[in-house]
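The values are calculated or read from the model by the stated rules, or taken from the named source; none is laboratory data. A quick note: this is a predicted structure, and the numbers were derived from the prediction, not measured. So basically every Cβ, Gly included, is an ideal-geometry build from the backbone, and we count neighbours across all protein chains shown.
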Amino acid sequence: MTIAACTLLGYLLGSLPCSLWLARWLSRSDLRLVGDGNPGAANAWKAGGWRIGIPALFLDVAKGAAAPAVARAVFDLHGWALFPIALSPVLGHVASPWLRWRGGKGIASSFGVWSALTYWVVPTGFGLLLALLLLIQSVAAWTLIFALLGTLALLVALRSEPYLIAIFLVNALLLVWTHRKELRVRPRLGLYSRRERS
């Protein structure tokens with residue numbers, strides 16, 4: 001029952017379109033009409049600058065971290081018990097009932113999940129890989145894929161528990177799914193251009 005409750009909590013929190021609501025409240029803009037139409041923190045930044053972008057990013061990360069953090073700290077859940085709990089916020093974010101079962105791309109909420117599961121290890125490794133790859137690869141979605149592969153290699157090199165690797169693989173598949181349209185463009189070397197960000 002505890003695992004089910006934490007999983008449901010994770011999904012419900014993850015499903016909250018915080019960036020969309022924040023942008024609508026503070027700038028009266030609909031993020032689905034901004035940039036690529038993604039109702040996440042990146043488009044919140046485009047819609048209202050850092051004053052909206054930073055709080056939106058914080059909320060998207062926090063809603064990803066909440067359920068796995070509660071499961072570990074309050075209910076002392078570990079191992080495979082965390083599998084559905086860790087994935088539920090990302091699933092809620094990408095398939096939100098508030099948005100007719102659509103949603104954001106799940107990167108920020110994934111950072112939150114992995115902050116709760118591994119503290120600084122995965123978020124730092126993944127973030128550094130993203131930053132490095134953005135300098136040499138100009139298609140954003142492929143940059144994400146390469147960063148995911150590098151982070152998976154990091155988890156294996158650190159001899160992470162099998163349940164963490166399993167969570168990461170499913171999490172990565174969800175991110176691939178949300179970026180499936182952008183992945184139709186072939187990867188290419190070059191600086192991450194303004195055109196790719198728009």
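Miscellaneous remarks
- Positions within the stretch 106-116 being out of contact with any Pro (no Cβ under 8 Å at 6 or more places or on another chain), under 16 Å from V170 (Cβ atoms) and not in a loop (DSSP other than H, G, I, E, B), in sequence order: I107, S110
- Flag if W101 is aromatic (F, W, Y), over 24 Å from E161 (Cβ atoms) and under 18 Å from the mean Cα position of the chain (by Cα): yes
- Taken over the stretch 133-144, the criterion of being assigned to a helix (DSSP H, G or I), over 21 Å from V61 (Cβ atoms) and of a type outside the set (F, W, Y) is satisfied by L135, I136.
- Test: residue in the stretch 48-61 that is assigned to a helix (DSSP H, G or I), over 22 Å from A95 (Cα atoms) and without any contact (Cβ under 8 Å) to a residue 12 or more places away in the chain: yes
- In the stretch 23-42, the residues that are in a helix (DSSP H, G or I), among the aliphatic types (A, V, I, L, M) and surrounded by fewer than 22 Cβ atoms within 10 Å (Cβ to Cβ): L26, L33
- Residue list for the stretch 70-105, restricted to those being in a loop (DSSP other than H, G, I, E, B), under 29 Å from A44 (Cα atoms) and either touching a Pro at 6+ places or on another chain (Cβ under 9 Å) or of a type in the set (S, T, Y) (or both): G103, G104
- Within the span defined as the stretch 43-50, every residue fails to be modelled with pLDDT under 90, within 18 Å of R102 (Cα to Cα) and surrounded by fewer than 16 Cβ atoms within 10 Å (Cβ to Cβ).
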